[in-house]
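The values are calculated or read from the model by the stated rules, or taken from the named source; none is laboratory data. Here the structure is a predicted model, which means the values were calculated and not measured. Reconstructed Cβ throughout: ideal geometry from the backbone, glycine too, with neighbour counts over all protein chains shown. Each accessible area value is taken on the protein alone, full model and side chains, heavy atoms only, with ligands, DNA and RNA left out. Shrake-Rupley method; radii C 1.70, N 1.55, O 1.52, S 1.80 Å.
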Protein chains: 2
Amino acid sequence: DFHHPHQLLDGIEGFSLEITGEAESLEQILVDCRDTLKYGVKTGHPRFFNQLSSGLDIISLAADWLTSTANTNMFTYEIAPVFTLMEDVVIRRMCSIIGWEDGEGIFSPGGSINNLYAVIMARHYVMPEVKYDGMRGFPELVMFQSKHILQSKLAGKVPFYVTATAGTTVIGAFDKIPEISGICKKYGVWLHVDAAWGGAVMMSQKHRHLVTGIELADSVTWNPHKMMGVVLQCSALLTRHKVLVTAVMYDVINLLPIVMSCLVLSRHSDVRNTSQGILESCNEMNADYLFQQDKHYDVTYDTGDKTIQCGRHVDVFKLWLAWRAKGDAGFEKHVDRCIELSRYLVRKIRKTRGFELVNPEPEYANVCFWYFPPCIRNLSDETIKHEKLNKVAPLIKSRMMENGTIMIGYQPLGSKVNFFRNIVSNPAVDYDDIDFIITEIERLGRDI
Amino acid sequence: DFHHPHQLLDGIEGFSLEITGEAESLEQILVDCRDTLKYGVKTGHPRFFNQLSSGLDIISLAADWLTSTANTNMFTYEIAPVFTLMEDVVIRRMCSIIGWEDGEGIFSPGGSINNLYAVIMARHYVMPEVKYDGMRGFPELVMFQSKHILQSKLAGKVPFYVTATAGTTVIGAFDKIPEISGICKKYGVWLHVDAAWGGAVMMSQKHRHLVTGIELADSVTWNPHKMMGVVLQCSALLTRHKVLVTAVMYDVINLLPIVMSCLVLSRHSDVRNTSQGILESCNEMNADYLFQQDKHYDVTYDTGDKTIQCGRHVDVFKLWLAWRAKGDAGFEKHVDRCIELSRYLVRKIRKTRGFELVNPEPEYANVCFWYFPPCIRNLSDETIKHEKLNKVAPLIKSRMMENGTIMIGYQPLGSKVNFFRNIVSNPAVDYDDIDFIITEIERLGRDI
Ligand SMILES: Cc1ncc(COP(=O)(O)O)c(C=O)c1O
Ligand SMILES: Cc1ncc(COP(=O)(O)O)c(C=O)c1O
């Protein structure tokens, strides 16, 4: 039931978004609630293939309701005793699934913020002084993304961070971690694996090979709110550096003489305090007006100093409860099923005239493809054909939204013109929903 | 019902936090839910005075439940048509309450992240090139906090950001905005007002004077999840710079020749695109694989490019619904009542032997005070007295938690030893709860 912004703003069927400042009656508030859901998009619908996060897991939903009801903050054990411990338990579990014997981590509002945390940590690892003295006076730091590693010249700059992706957003591709890790080790560089989307394959015996070597990473972002079906928001940052290891200085000094100048022992007593976790060492402000150290309980369970946030939403209970309810096997089944359904779609696309895969062998639950309407199939001029093809997905998408029958995302990528990206991450999807993708795109696009 | 971390981790009365990997029965899951709430802290209890966020507003709770049920993301109108428009409506309303005719803003996961957004925006305002070229080659930037403004020498550095606080975390103090704004105007510096805690006084005719001049700010952080009682998380960043005004360059060039070198017209076409909002200009990545521009609806309502986040939780509906239900007057009544109850506590403290206010005239809903147990009241050596006093609040606090009757925070501040900070932000608090603060502290601390 699609409406344009101006239609909704004008007030449709009496549904007004305005805040007049007057108090409305309870009846009106109930109507508001109903309308808000009514005009929203049903992300839990089995024909919503638009985003990496979809579905509506009832257990994690119930946990999120209880979380709202508990209405507390993660920063201290004092006001969130159960939730801070749950976070600790879940983080340990996730670390051990990655393959680390020890480690620590944090839940933050999303993968992007967690990736930011990883960058700050990596910088702190190589140049802890920066936290106190700023970037000036230190060599320029450079970070790399998987595919650019081997191409770059360093010329007086310090490589400090490489990010590999386990499950890219569009294609669902997995970087080869052991290869990248080898280069990182050689140059003493922090390796972060962004497994926001792909991390879930660690739950599957069948598909875990996609992230072979992930235990070699220094840090990992893993979003249970994507493939693991936990309701939004639920995203973890994990690191194997439970404490700052002083040996790093030695390693780096040997392998990277270029940064020697800045690796003087810190003037700041806490920088190389080896009993402190790296997240805390990196992000703490020592604000004892916020996080007192003279409390009567073991304050190592207070998490406030581990983040750049002050208040932090409780995101762990959703995952904890879902895990208790489903067990490892529940997540495994879910991942396997989503990938199996995606493979089924791949087979259908290969067999159906007018459809073409963007990458011939999708590894994960992303299936990227073009639909060529009959009118452009036989065009011989490739330039014109691709210009026209570029407009097909946006047009079909607009028809999808106006028809309200299905939602699939599209985007261009590099030199590739607009294509559909179909995601299966919802346990409610079944084979006939996959069949429907093909027939519905044909129905909506045939006449273009 | 306080338990130490090791007690809860060991499993109390059969409540285990462990994730074994096995799936538990539905009965066990229900027991888990019950226990999670049972061993948690009741932040909605009228004798929980520990944090700035307290209470449990039923309307915003209901809205948060529906938000979880809708399980969507704020980044595009496409998947959150109602919520993105609601955000627009609420942001406009908040801007107009500040006193701006126009403006824009965003809800982010908390006040700290919003303050970070303000810093990035201010830097972008004065040195848009930094986004593309990094900090090197540009003059060093300096930011100031209210009380340090006049003391600082600039010596080759560029002041670019001043933050004033409207309602400090501990004392609840309000900086004089017009005075600070005058200095900022003189030096062409961005003024941010952190009204995370104090912003709510704008809803009160009686107390609005505390933030006189707030409309002079360039940006404001305002957390409805604190004094406005909306359940966590709900925090807004607002700016009066709806679009990047090119005149700024002129201003800054005239008043601050020191930064002239970097204010060359940008090589990057979009930096001075005056039709684009400042948040977007500052934070966008132009990632068309995420946020397509060729959609069939008005994509100016897509918010994904306004933040450094990718996914963004829906935090606005809670506030929108509460606002519809209570009206402006509902918030006003709430703020007035919390301050009135705090004044009542102030009067009681003044009259009660053994109690002493930290700041004699609290302006807001923070009341900071010491309790002197009889044994230290008559000590003549001030050093010993304060050493002993420093241990009183932590000890009484531990007894509070073990007794489970009341929770009040404490902290030291500058040269002031540990004192209690009592916060009233919960509509369920009544006069007898305030009376209880005094009698309970006396009961728990008398024998020290
Ligand atoms: C004045 C002030 N600013 C910012 C914050 C941070 O807000 P949040 O906890 O939402 O990050 C607080 C929190 O108490 C505060 O008191
Ligand atoms: C590979 C990857 N990393 C990070 C993110 C960002 O995660 P979030 O939306 O939780 O910020 C995404 C989101 O789609 C992603 O696909």
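Note on chain B: with a GNM built from Cα contacts shorter than 10 Å, the maximum mean-square fluctuation among B:Gly304, B:Gly213, B:Gly14 falls on B:Gly14. Which of rounded, prolate or oblate describes the stretch A:91-215 when judged by the alpha-carbon gyration tensor and an a/c cut-off of 1.5? Verdict is prolate for the stretch A:91-215.
The listed residues B:Ile171, B:Ile349 rank as B:Ile171, B:Ile349 when sorted by accessible area, largest first, using a 1.4 Å probe. Under 15 Å of direct C-alpha separation, and excluding same-chain neighbours fewer than eight residues apart, B:Lys206 reaches these aspartates and glutamates: B:Asp328, B:Glu332, B:Asp336, B:Glu340, B:Glu363. Mean-square fluctuations from a GNM of chain B, with a 10 angstrom spring cutoff on Cα atoms, peak among B:Met94, B:Met135, B:Met228 at B:Met135. With its label point put 7 Å out from Cα toward Cβ, B:His6 sits 6.8 nm from the same residue's point in the other copies, in order from shortest. Accessible area drop of at least 50 Å² (1.4 Å probe, protein heavy atoms): which residues of the stretch B:1-39 qualify, relative to the chain alone? Relative to the lone chain, where solvent access is computed with a 1.4 Å probe, the stretch B:1-39 loses at least 50 Å² at B:Pro5, B:Leu9, B:Leu17, B:Ile19, B:Gly21, B:Ile29, B:Cys33, B:Thr36, B:Leu37. With respect to the cross-link table entries A:Lys295/B:Lys388; B:Lys157/B:Lys186; A:Lys226/A:Lys318; B:Lys185/B:Lys242; B:Lys176/B:Lys326, which display a Cα-Cα separation exceeding 21 Å? Exceeds cut-off: B:Lys176/B:Lys326. If you take the Cα centroid of the stretch A:184-235 and the Cα centroid of the stretch B:1-16, the two points sit 31 Å apart. Taking the 1.4 Å solvent-accessible surface of the stretch B:24-131 as the whole, the part contributed by carbon and sulfur is 60%. Here the simple spin-label model places points 7 Å from the Cα toward Cβ, and for A:Tyr132 and A:Asn378 these points are separated by 7.6 nm. Is the shape of the protein assembly as shown rounded, prolate or oblate, going by the alpha carbon gyration tensor and its root eigenvalues a ≥ b ≥ c, with a/c under 1.5 for rounded and a/b larger than b/c for prolate? Note, shape of the protein assembly as shown comes out rounded. Projecting the Cα atoms of A:Leu321, A:Ile384, A:Phe420 onto the charge dipole of the stretch A:319-446 (Cβ charges, centred on the Cα centre) puts A:Ile384 farthest toward the positive pole. Among the GluC sites (Glu not before Pro) in the stretch B:1-57, those located in a DSSP loop and surrounded by at most 15 other Cβ atoms within 10 Å of their own Cβ are B:Glu13, B:Glu18, B:Glu22. Roughly speaking, to the nearest percent, how much of the stretch B:319-446's 1.4 Å accessible area is carbon and sulfur? It is 50 percent, rounded to a whole number. Based on C-alpha pairs under 8 angstrom that are at least 6 apart in sequence, chain A has a relative contact order of 21 percent. Does chain A come out rounded, prolate or oblate, given a ≥ b ≥ c as the square roots of the eigenvalues of its C-alpha gyration tensor, rounded meaning a/c under 1.5 and, failing that, prolate meaning a/b above b/c? In terms of gyration-tensor shape, oblate. Accessible surface computed residue by residue for chain A, with neighbouring protein chains in place and a 1.4 Å probe, gives 39 Å² per residue.
Comparing mean-square fluctuations of B:Cys33, B:Cys375, B:Cys234 from a GNM of chain B with C-alpha springs under 10 Å, the top value falls on B:Cys33.
In chain B, the DSSP beta bridges split such that about 60 percent are antiparallel, to the nearest 5. Rounded to the nearest 20, the Cβ-based charge dipole of the protein assembly as shown about its Cα centre (Lys and Arg +1, Asp and Glu -1) stands at 1500 debye. Considering amide H positions built from the backbone, and no H for Pro or chain starts, which residues 5 or more places from B:Met135, or on another chain, come under 5 Å of its amide H? Under 5 Å from the amide H of B:Met135: no residue qualifies. In the stretch B:286-320, burial by the other protein chains removes 50 Å² or more of 1.4 Å probe accessible surface, compared with the chain on its own, from B:Tyr289, B:Asp294, B:His296, B:His313, B:Trp320.
With a 10 Å cut-off around each Cβ of B:393-399, the average count of Cβ atoms from other chains is 3.
Among residues of chain A, the one whose beta-carbon sits closest to the A-to-B rotation axis is listed with its distance in Å as A:Pro109, 2. In this structure, the amide hydrogen of A:Trp197, modeled 1.01 Å from its nitrogen in the peptide plane, lies closer than 5 angstrom to those of A:Asn223, counting only residues at least 5 positions away or on a different chain. Using alpha carbon centroids, what distance separates the stretch A:306-331 and the stretch B:40-111, in Å? So the separation of the two Cα centres works out to 21 Å. Buried accessible surface for the B/A pair, both sides summed and rounded to the nearest 100, is 9000 Å² with a 1.4 Å probe.
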